[in-house]
Amino acid sequence: MYFEKIDEFENLEMTYISDFSGGYISRNSELFKHIELNKLNQFILEKSVYGTPIFKIGGGGNKLLILSGIHGNELPAQIANLKLINELVNENLSNTLFFIPFAAPKSTMNNERTFNSMDLNRSAHIENSVSNLIVKAAESLKVKFVGDFHSTALNSNPGFEAIFSSKSPSPESFLVANYISKDVGSEIIAFDFAGSSYKGAVEDVFNLRGTPAVTCEVLCPFGNVGRGTVEKSFAQMKSFLSYFGV
Ligand SMILES: [Zn+2]
């Protein structure tokens, strides 16, 4: 994958995962009112019109992916991901960080869970689904670990703040989940084997293919931004990065 350097932002590079998943993030008014309209965020939103952009900051060290928006109506993590890019874009990092703030901008625009009626967290094993393209892109970039950030509503699955992981075949999934859980107080959910309860979750597909991954959930109504939820998701992301010394 060829990353383009961005003149306005010295340390930022970007390319596209797909060119058929774009959307106008600003049309999601609930999300949009929580985004600071600075130059960098405007740039990211403009790029999201044409597909799913992936951004890169830093070089060397561990290659990590911070992913959000797999479910377009789970807003806190998408806002937190933008905040994280803003915070790190001027840092001199000794690791390589990849960010996908909006996995499917069209779904985020519509404030809906699915992309063209497909649940991207049940279709990462399906050839050329958006989430499958994300998996393949991360593999080609030799990403060492993936954090996939979501939110969950009461009475849904899991319905409480949690870190999903599995012990096999990528045991570091469980180790990282433990670390984040202890650090920020989210409950840990650990399966013995990835993908044993349902098929096609991004985290499971990564774990099954040998790239350890976790799914981090904050508690928030779907399609909304609950008080303190962006900060909580942000804390999970920072904890994830701190495991790797970022
Ligand atoms: Zn989700």
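A few remarks follow.
- For the range 27-50, the tally of residues that are over 16 Å from A77 (Cβ atoms) and either without any contact (Cβ under 8 Å) to a residue 24 or more places away in the chain or among the basic types (K, R) (or both) stands at 9.
- Subset of the range 187-213 (residues that are within 13 Å of the ligand (Cβ to nearest atom) and among the β-branched types (V, I, T)): V202
- Evaluated against (1) in a strand (DSSP E or B); (2) in contact (Cβ under 8 Å) with a residue 60 or more places away in the chain; (3) within 22 Å of F164 (Cβ to Cβ); (4) among the hydrophobic types (A, V, I, L, M, F, W, C), A80 falls short on exactly one condition, (1).
- Under the condition of being within 16 Å of the ligand (Cβ to nearest atom) and not acidic (D, E), the residues counted in the range 136-153 number 7.
- Within the range 27-44, considering residues that are surrounded by 20 or more Cβ atoms within 10 Å (Cβ to Cβ) and more than 15 Å from S233 (Cβ to Cβ), the one farthest from the ligand (Cβ to nearest atom): I44
- Here S170 meets the list (1) modelled with pLDDT under 95; (2) among the hydroxyl-bearing types (S, T, Y); (3) buried (at least 17 other Cβ atoms within 10 Å of the Cβ) almost entirely, failing just condition (1).
- Residues that are surrounded by fewer than 18 Cβ atoms within 10 Å (Cβ to Cβ) and not hydrophobic (A, V, I, L, M, F, W, C), drawn from the range 45-59: E46, Y50, G59
The values are calculated or read from the model by the stated rules, or taken from the named source; none is laboratory data. Quick caveat, the model's predicted, so the values are computed rather than measured. Ideal geometry is used to build each Cβ from the backbone, glycine not excepted, and the neighbour counts take in all protein chains shown.
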